[in-house]
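Written out below as structure tokens is the structure these notes cover.
The values are calculated or read from the model by the stated rules, or taken from the named source; none is laboratory data. Computed from a predicted structure; not experimentally measured. Positions of Cβ are backbone-derived with ideal geometry, glycine not excepted, and every protein chain shown enters the neighbour counts.
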């Protein structure tokens, strides 16, 4: 077995390690999720773990795709310990994809106006559950970003955190976010 370990990439090892929990997350989420048919884009808050990679990319990408005054777009994290910039890898990869994360500074969900948000969009099922546990009355406005993806991409309900991983993982993550937001916008009249 040791012989094969050196031929299996870290990415494959990571994907294998998260496969079973990911399938479980998706199954449980699909049993409990909201219907997405009539979602109207309004004040939108993207949520992830630390508000340094996924949710800021989603925020700045959506802002780049809509007229400036069309809607309010924010992002926040559920576990933010200090206000800081996105990691260099996130900034570099986002620039390659046409999104500037340089102005971003992370913030906690307590600094966002979730009460007046029309949509609250976490990246993972665990974040969805965390938000529901804090804000049970907001259930009707919380959707995973993957809800807006096309089949079969939404089969996996999570967009995993690229933090601390390689460039290809960041790029894959950010492209998933772009595709979901593009499809979300295709449903709207902006």
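A few points about this structure:
- Residue match in the range 149-166 (condition: under 17 Å from residue 55 (Cβ atoms), outside any loop (DSSP other than H, G, I, E, B) and within 14 Å of the chain's Cα centre (by Cα)): no
- Verdict on residue 113 being exposed (fewer than 14 other Cβ atoms within 10 Å of the Cβ), touching a strand residue (DSSP E or B) at 6+ places or on another chain (Cβ under 8 Å) and touching a residue at least 40 places away in the same chain (Cβ under 8 Å): yes
- Top-ranked residue of the range 43-57 - restricted to ones that are out of contact with any helix residue (DSSP H, G or I) (no Cβ under 7 Å at 6 or more places or on another chain) and either part of a helix (DSSP H, G or I) or at pLDDT below 90 (or both), ranked as surrounded by the most Cβ atoms within 10 Å (Cβ to Cβ): 55
- Residues within the range 62-87 that are within 15 Å of residue 122 (Cα to Cα) and assigned to a helix (DSSP H, G or I), tallied: 1
- Within the range 91-123, tally of residues that are touching a helix residue (DSSP H, G or I) at 6+ places or on another chain (Cβ under 6 Å), outside any loop (DSSP other than H, G, I, E, B) and within 12 Å of residue 174 (Cα to Cα): 2
- Of all residues in the range 58-73 being in contact with a helix residue (DSSP H, G or I) (Cβ under 8 Å, 6 or more places away or on another chain) and under 18 Å from residue 159 (Cβ atoms), the one that is modelled with the lowest pLDDT: 65
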